[in-house]
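Let me begin by presenting the structure, written as structure tokens, before commenting on it.
The values are calculated or read from the model by the stated rules, or taken from the named source; none is laboratory data. Since the structure is predicted, the reported quantities are computational estimates derived from the model, not experimental observations. FYI the Cβ positions are ideal-geometry reconstructions off the backbone, even for glycines, and counts take in every protein chain you see.
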Amino acid sequence: MAKKTFRSSIAVGLAIALAAAALPPAQAAGSQPKQAAPAKARDVSQANKALVMKAYQELFGDHDLTALDRYWVKDYIQHNPSMGDGIEQVKVFLEKLGLQNAPKFKVEFLRVAADGDLVFIQTRQPKMGNNPEMVIVDIFRVAKGKIAEHWDVMQPVPADAVNKRPMY
């Protein structure tokens, strides 16, 4: 009988040990549960969207070239073939376009999406002087709270489109 009780005790102890091993480790008293990874990624994406929209409005809508110093890294990487790398090259390009002489406007953000460090925006640029209305898609990479890299595509809105649906 003693052997049977001893074996039963071992079996019960083993079952308890296995059950305890399957439980998650207890959190320290007063500690907060870890934030879920998707929620943190969503917060980063939201912060990056807000940064890009603010920077874009200040530079292109308000024509404030000092926005480049606040929101872009100095060694900014540019994929637009009309501009060189670095914020100084962007300043030179925008000055040649006469950005400061154009009327200020509220940027019309048609679509904005973000995935981690990448922010995608679609905007409509109104007709300015001899330049037609444009639909622009920009992709920005954000690093350490500043715009670090940029890609874009621009398309004029045709006056005589075959397809009557708007481009935006």
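Yes/no per residue for (1) surrounded by 13 or more Cβ atoms within 10 Å (Cβ to Cβ); (2) in a loop (DSSP other than H, G, I, E, B):
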{"position": "K91", "(1), (2)": "yes, no"}
{"position": "L94", "(1), (2)": "yes, no"}
{"position": "I147", "(1), (2)": "yes, no"}
{"position": "V153", "(1), (2)": "no, no"}
{"position": "P158", "(1), (2)": "no, yes"}
{"position": "K164", "(1), (2)": "no, yes"}
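Does Y76 satisfy being modelled with pLDDT of 95 or more, assigned to a strand (DSSP E or B) and not β-branched (V, I, T)?
yes
Kindly indicate whether any position in the stretch 7-14 is assigned to a helix (DSSP H, G or I), out of contact with any Pro (no Cβ under 8 Å at 6 or more places or on another chain) and modelled with pLDDT of 95 or more.
There is no residue in the stretch 7-14 that is assigned to a helix (DSSP H, G or I), out of contact with any Pro (no Cβ under 8 Å at 6 or more places or on another chain) and modelled with pLDDT of 95 or more.
Name the residues in the stretch 83-111 that are basic (K, R) and over 20 Å from the mean Cα position of the chain (by Cα), would you?
Applying the first criterion (basic (K, R)) to the stretch 83-111 yields 91, 96, 104, 106, 111.
Residues satisfying the conditions are K91, K96, K104, K106.
Between A114, A67, A143, which is surrounded by fewer than 16 Cβ atoms within 10 Å (Cβ to Cβ), under 18 Å from the mean Cα position of the chain (by Cα) and in contact (Cβ under 8 Å) with a residue 12 or more places away in the chain?
After ruling out the rest, the residue left standing is A143.
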